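This report concerns only the one structure given below.
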Amino acid sequence: MSLNNTVQQLSVFLENRAGRLDEVLKVLAEGGVNIVALSLADTSDYGMLRMIVSDPHKGRVVLKDAGITAMLTDVVAFRVSHDTGSLSKAMHQLVEGEINIEYMYAFANGEDAAAVLKSDEPVRVVDILLGSGFKVYSADEAYTANA
Amino acid sequence: MAKVLLEDWKEQYRDEKIECMSRDEMSALQSEKLVKQVKNVYENVPFYRKKMDDLGVEPGDIKGIEDIHKLPFTTKEDLRDNYPFGLLAVPREKIARVQGTSGTTGKLTLAAYTEKDVDTWGECVARGLVMAGLTSADRIHVCYGYGLFTGGMGLDLGARALGAMAIPMSSGNTKRQLMCMEDFGATAFGCTPSYAMYLAEAAQEAGIIDRLQIKASINGAEPWTDEMRLKIEEILNINTFDIYGLCEITGPGVAMDCIHHKGLHVYEDHFYPELLNPADQSACADGETGELVFTTLSKEGMPLLRYRTKDLTSIDRSPCECGRTLPRIQKFTGRTDDMKVIRGVNVFPTQVEAALLSMGGQVAPHYLLIVDRENNLDVLTVMVEVTEEHFSDEIRKMEALKERVGAVLKQALGVSVRVKLVEPKTIQRSEGKAKRVIDNRSL
């Protein structure tokens with residue numbers, strides 16, 4: 001499979017400062033960029049905001065214009081049905097494939113849930129998931145999830 | 001728009017007679033001026049008469065420049081105590097202009113100039129502009145602040161004396177600065193080094209560097225490192241020059257470096273430099289680091305004897321490869337004020353700058369030092385900006401970067417530091433003097 005099945009995640013480095021997250025979200029809202037999913041990781045000094053948005057390129061541009069540095073990262077988003085053990089099954093396949101997962105987060109998507117996963121080998125992740133019967137979202141599908 | 005290499009440089013002088021004068025002739029000139037100046041302040045400034053009387057020194061005891069060590073010092077506190085016009089050596093009507101410190105805490109320090117003092121100031125800056133390869137055909141974009149701060153006016157007066165075109169932008173609004181720089185075809189600009197770096201980054205980001213005609217920049221008002229200089233030169237493809245000055249003495253144009261960058265040439269026919277050991281105020285040998293002290297030999301409005309600058313440097317009186325015999329003070333390690341003693345180790349902000357620049361762009365050379373005392377221990381936190389190129393969404397990579405920065409700083413400073421990564425372009429870029437240190441210890 002190709003990179004067409006990877007999704008561009010918008011990542012923002014956030015200082016631990018009152019109101020900073022609000023500023024970032026406001027810039028995206030005013031730029032008409034919808035947030036489909038997000039995860040906020042924190043350390044003692046700073047936070048890392050990771051988002052799946054309706055238009056990642058536009059998101060990056062509006063943030064840049066507002067003086068906020070953002071980057072685009074290739075991630076894989078796949079469907080996880082609401083059945084006990086379905087996420088475990090996916091993980092098992094990835095471990096078998098010796099995939100190293102940097103981080104992961106999930107969001108509800110209609111009847112199902114979706115997991116977003118970052119690895120150094122997104123193309124292999126897509127291969128493995130498709131090969132074991134999982135549905136991998138295309139970029140367009142991910143950007144418009146729940147829309 | 002084209003950096004000139006040293007081997008292709010053609011040196012030019014504004015005042016060859018003075019700038020390349022033999023040491024004997026210069027001493028004779030300084031002696032003559034000092035004798036006159038001491039007599040002048042003794043007769044016209046009650047503050048100096050009292051100081052000299054207290055020391056038992058009379059104008060007649062000063063026969064030449066070699067007697068300068070007999071004279072009393074002047075400190076910033078003396079200027080504050082005599083604020084605003086207590087140190088004038090001429091009637092108030094003769095004062096043509098005042099300028100002040102860029103303003104740190106409390107009352108500002110005011111300097112007063114006669115018409116002739118203003119001319120001398122412009123002439124000194126013009127010498128530096130010529131040393132930077134500029135002529136009357138050049139267009140000089142001044143983004144130092146105009147106002148009481150001497151930066152803007154100093155460069156402006158220099159451009160006027162040279163007959164060059166001045167573009168009086170003052171500071172702020174980087175987008176507009178770049179637009180005017182391009183539209184007016186500026187061939188040189190002047191501002192603080194930290195703002196020059198910021199402008200360079202902004203020009204690069206806007207992709208307009210090829211459209212600029214800048215060939216030189218004159219940067220001063222705060223200490224900067226060679227690494228920073230090379231970085232600005234590399235981004236903008238220009239030659240940069242370091243200018244030094246302080247409003248008490250005249251403003252920018254007290255000293256400036258030449259293309260050889262082996263120290264800043266002091267215009268010692270007007271500003272006589274001494275280097276004194278901070279511990280006992282004894283004279284330093286050439287090459288030895290001490291506090292820079294100036295006596296204004298020509299000033300009429302507010303002449304100062306042996307003014308303690310608190311700037312630490314050393315002096316080299318050997319002739320320079322550029323042909324000038326004017327002595328050279330080394331780039332500043334810092335001010336006695338900026339130096340912080342952290343757990344017994346002397347730390348200068350410029351060391352942090354050099355260390356960050358040595359990391360090849362992994363972090364930006366903008367920083368802020370914060371000193372705290374926790375449980376009776378000094379804690380030094382260095383806030384460092386992440387660069388867009390080295391930003392990662394993986395915390396593991398960011399933490400590794402943080403550790404690398406910490407290791408490099410510890411190596412450079414000799415004390416361990418706490419590194420705090422901050423967002424790109426969030427540490428304030430100064431338009432006057434950069435604030436590099438916040439000391440929260442109440443010592």
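Readers should treat all values here as calculations from the given coordinates under stated rules, not as data from a laboratory. All values derive from a computational prediction rather than experimental measurement. Cβ: placed from backbone, ideal geometry, glycine included. Neighbour counts: every protein chain shown.
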Fewest-first ordering of B:Met26, B:Met179, B:Met228 by Cβ atoms within 10 Å yields B:Met179, B:Met26, B:Met228
Evaluate peptide B:205-211: per residue, the Cβ atoms of other protein chains within 10 Å of its Cβ; return the mean as an integer.
-> 0
Within 10 Å of the Cβ of an average residue in B:389-396, the count of other chain Cβ atoms is 6
Over all directions, what mean area does the Cα convex hull of the stretch A:4-73 project, stated in square nanometres?
-> 4.5 nm²
Cα-centred dipole magnitude for the protein assembly as shown, charges only on beta-carbon of K, R (+1) and D, E (-1), debye, nearest 20 | 1080 debye
Filter on B:Lys70/B:Lys435; B:Lys50/B:Lys94; B:Lys36/B:Lys435; B:Lys175/B:Lys231; B:Lys51/B:Lys310; B:Lys331/B:Lys435 - keep pairs with C-alpha separation over 28 Å = B:Lys70/B:Lys435; B:Lys36/B:Lys435
Once phi for every residue in the stretch A:102-116 is put through the Karplus expression 6.51 cos²θ - 1.76 cosθ + 1.60 (θ = phi - 60°), the whole-Hz ³J(HN,Hα) values, with Gly and Pro written as x, are 6, 6, 8, 8, 9, 9, 6, 9, x, 6, 10, 10, 10, 10, 10
Check the straight Cα-Cα distances from A:Lys26 and name the lysines below 22 Å, setting aside those fewer than 8 residues away within the same chain.
-> A:Lys58, A:Lys64, B:Lys425
Which angle between 0 and 90 degrees, to the nearest 10, do you get for helix B:193-206 versus the longest principal axis of chain B when only C-alpha atoms count?
-> 40 degrees
For the protein assembly as shown, count the residues as N, evaluate 2.2 N^0.38 Å, and divide the Cα radius of gyration by that value, please.
-> 1.20
Equivalent ellipsoid, chain B (semi-axes from 5 times Cα gyration tensor eigenvalues, Å) = 37, 27, 20
More than 21 angstrom apart: percent of Cα pairs within the stretch B:323-443 = 42 percent
Value of D in µm² per second that Stokes-Einstein yields for the stretch A:75-136, Kirkwood Rh from Cα pairs, at 10 °C (1.306 mPa s) | 138 µm²/s
Which whole number gives the average count of other chain Cβ atoms within 10 Å of the Cβ atoms across peptide A:14-20?
-> 2
Report, to the nearest 10°, how far helix B:150-162 tilts away from the longest principal axis of the Cα atoms in chain B, using its own Cα long axis and a range of 0 to 90°.
-> 70 degrees
Percent of beta bridges antiparallel (DSSP, the protein assembly as shown, rounded to nearest 5) | 75 percent
Would you work out the relative contact order for chain B, in percent, from Cα pairs under 8 angstrom that are 6 or more residues apart?
-> 14 percent
Of the trypsin sites (Lys or Arg not before Pro) in the stretch B:46-93, which ones lie in a loop per DSSP and count no more than 14 other C-beta atoms within 10 Å?
-> B:Lys63
Cut-off of 10 Å, at most 12 other beta carbons, DSSP loop: longest stretch of chain A lacking such GluC sites (Glu not before Pro) | A:1-97
